[in-house]
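A short reminder: the numbers here are calculations on the coordinates, not readings from a lab. The structure displayed is predicted, hence computed values, not measured ones. Note that we place each Cβ from the backbone using ideal geometry, even for glycine, and neighbour counts take in every protein chain shown.
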Amino acid sequence: MRLLTLFVSLMGKAHARGDSGVSESAVQAALAPGSPFAPATPDELTEIVEHARYTLPVGFDEQEAAIAAVAELGVRYDVLRTPALVGLRGLAKWNDSSVALAPALSRLEAAEST
């Protein structure tokens, strides 16, 4: 299970997504007494928290390294091959600037056919 959790985290970096969180200061400002954004219902509170969420991007080189690492793990470990292929094929639908992506997919597809 730990391997799969780490693999999914690595796939997030391959998709250029870094750490995420909630801006506590934004939520606190919305909840402050007299705030014009104070939620009147639980649904409004949920909406405030959703709008206070953020995801940090990763750099190009970190993304490229993650793509290569995902492919390497997919080639080495049968249990990761299908998730690696699914994730990198999804990435290929929108990422046309990666240098590592095409070779990574080629290696995985070659490993799949053996």
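Once you reduce the stretch 76-111 and the stretch 1-59 to the center of their Cα atoms, the two points are 28 Å from each other. Over the chain, the reciprocal of the mean inverse Cα-Cα separation, the Kirkwood hydrodynamic radius, stands at 16.2 Å. A dipole drawn for the chain from +1 and -1 charges on Cβ atoms has a positive end, and of Thr5, Val22, Ala104 the residue lying farthest that way is Ala104. Considering only alpha-carbon pairs that sit under 8 angstrom and 6 or more positions apart, the relative contact order computed for the chain is 28 percent. Net charge in the neighbourhood of Val8 (other residues with Cβ under 13 Å of its Cβ; Lys, Arg +1, Asp, Glu -1) is +3.
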